[in-house]
Amino acid sequence: MRRGSRILTAAAALITGAAVAGCGPMAPPPVTVSPPPPLPTQDASVVSPPLAGPVGQPEGVPRPTAPTVHYDGAPTASPPAAPEPEPEPSAAPVATPAPTTPPGPGPTPSPEPAESAALLDLLLDPAALPPLRWSGPDGEAEAAWTRLAPSAEVEPADAIAHLGVARSIGGDCAAAADAVDGAATEAALVALAAEPAPGGPMNVVLLRYGSEAAAAAAATALHALGIACDGEVAEAGALGTGDGAHTATVLLTGPVASLVVEADAHGALLVAVVHQVAPPEAVEQLLRAQVERLG
């Protein structure tokens with residue numbers, strides 16, 4: 001059988017200014033020095049009344065001459081401004097985790113395709129078939145269906161006997177056979193009978209392809225095989241076209257019996273009945289029941 005996966009780092013800088021006064025020698029500006037005020041520890045009996053005028057000289061003590069100092073230079077510079085209070089460092093910011101963005105709606109992944117059902121599970125069950133009714137030499141007849149052998153998986157090339165005969169002929173016949181089962185991936189069949197109806201055993205055959213188009217092409221190729229090989233003789237018999245009401249009907253006429261294949265495409269499957277010239281009612285019932293089983 002052929003079987004053709006991926007911060008800004010905020011840096012907060014605190015600028016601290018500190019004004020320092022008198023931190024080094026500087027050119028003294030011209031200043032007029034006035035007598036210093038009285039010390040608070042002096043006795044009041046030797047000090048003139050403080051609010052009435054200049055400070056008085058204590059009795060019995062010569063007054064010292066108050067020196068006046070003159071400096072030539074630029075006008076008196078105003079005293080340096082008091083340093084501004086140093087700002088208190090603010091509390092370090094607490095890092096807030098970035099909000100988690102919920103996943104946005106994306107394309108919903110397509111579900112994996114269901115594994116194809118086994119062909120053996122798709123084959124019809126003869127116990128579910130109503131009795132076969134057909135017209136025979138003695139009038140209307142009826143018989144129940146029975147299974148002659150268990151359902152089985154087979155190679156696509158062995159599912160329909162006509163394909164093997166065409167390959168044995170070679171040439172265009174062999175190419176036509178390859179066109180029928182060359183794209184098939186698997187095959188299965190079940191053998192049924194409805195005694196005493198003629199034509200048994202009757203094989204119900206399923207061949208699976210990769211697509212509906214491939215299955216339809218296989219049905220067309222099977223019909224073309226009957227035309228291309230019409231009259232070609234092999235050891236098993238002579239191939240030819242048939243007059244069945246289905247898409248593909250091919251005859252194999254042998255020295256003892258004739259073998260007929262009638263087939264139609266259904267989805268990616270080729271559904272066929274291989275029989276020995278069974279009543280048309282039997283072929284139609286099996287094909288219809290198998291297609292209904294596939295759904």
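In the range 138-149, is there at least one residue being assigned to a loop (DSSP other than H, G, I, E, B), more than 14 Å from residue 272 (Cα to Cα) and at pLDDT 95 or above? Yes, the range 138-149 has at least one match.
To keep it simple, each residue is scored yes or no on (1) in contact with a Pro (Cβ under 7 Å, 6 or more places away or on another chain); (2) more than 21 Å from residue 158 (Cβ to Cβ); (3) crowded, with 17+ Cβ neighbours inside 10 Å; (4) of a type in the set (Gly, Ala, Ser).
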{"residue": "227", "(1), (2), (3), (4)": "no, yes, no, no"}
{"residue": "233", "(1), (2), (3), (4)": "no, yes, no, no"}
{"residue": "254", "(1), (2), (3), (4)": "no, no, no, yes"}
{"residue": "257", "(1), (2), (3), (4)": "no, no, no, yes"}
{"residue": "272", "(1), (2), (3), (4)": "no, no, yes, yes"}
{"residue": "281", "(1), (2), (3), (4)": "no, yes, no, no"}
{"residue": "285", "(1), (2), (3), (4)": "no, yes, yes, no"}
{"residue": "289", "(1), (2), (3), (4)": "no, yes, yes, yes"}
{"residue": "295", "(1), (2), (3), (4)": "no, yes, no, yes"}
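Note on the range 192-209: residues that are modelled with pLDDT of 95 or more and either within 29 Å of the chain's Cα centre (by Cα) or open to solvent by 10 Å² or more (accessible area, probe 1.4 Å) (or both) total 3. In the range 121-160, of all residues being among the small types (Gly, Ala, Ser), over 43 Å from the mean Cα position of the chain (by Cα) and open to solvent by 50 Å² or more (accessible area, probe 1.4 Å), the one that is farthest from residue 202 (Cα to Cα) corresponds to 135.
Only one of the listed residues (166, 179, 183) is under 17 Å from residue 223 (Cβ atoms), of a type in the set (A, V, I, L, M), open to solvent by 20 Å² or more (accessible area, probe 1.4 Å) and part of a helix (DSSP H, G or I). That residue is 179. Residues that are open to solvent by 10 Å² or more (accessible area, probe 1.4 Å) and either of a type outside the set (S, T, N, Q) or at positive phi (or both) within the range 210-225 comprise 210, 212, 213, 214, 216, 217, 221, 223, 224, listed in sequence order. Against the conditions (1) outside any helix (DSSP H, G or I); (2) more than 38 Å from the chain's Cα centre (by Cα), residue 189 satisfies every one except (2).
The values are calculated or read from the model by the stated rules, or taken from the named source; none is laboratory data. This structure is a prediction, so every number in the text was calculated from the model and none was measured. Ideal geometry is used to build each Cβ from the backbone, glycine not excepted, and the neighbour counts take in all protein chains shown. Only protein heavy atoms, including side chains, enter the accessible area calculation; ligands, DNA and RNA are left aside. Shrake-Rupley method; radii C 1.70, N 1.55, O 1.52, S 1.80 Å.
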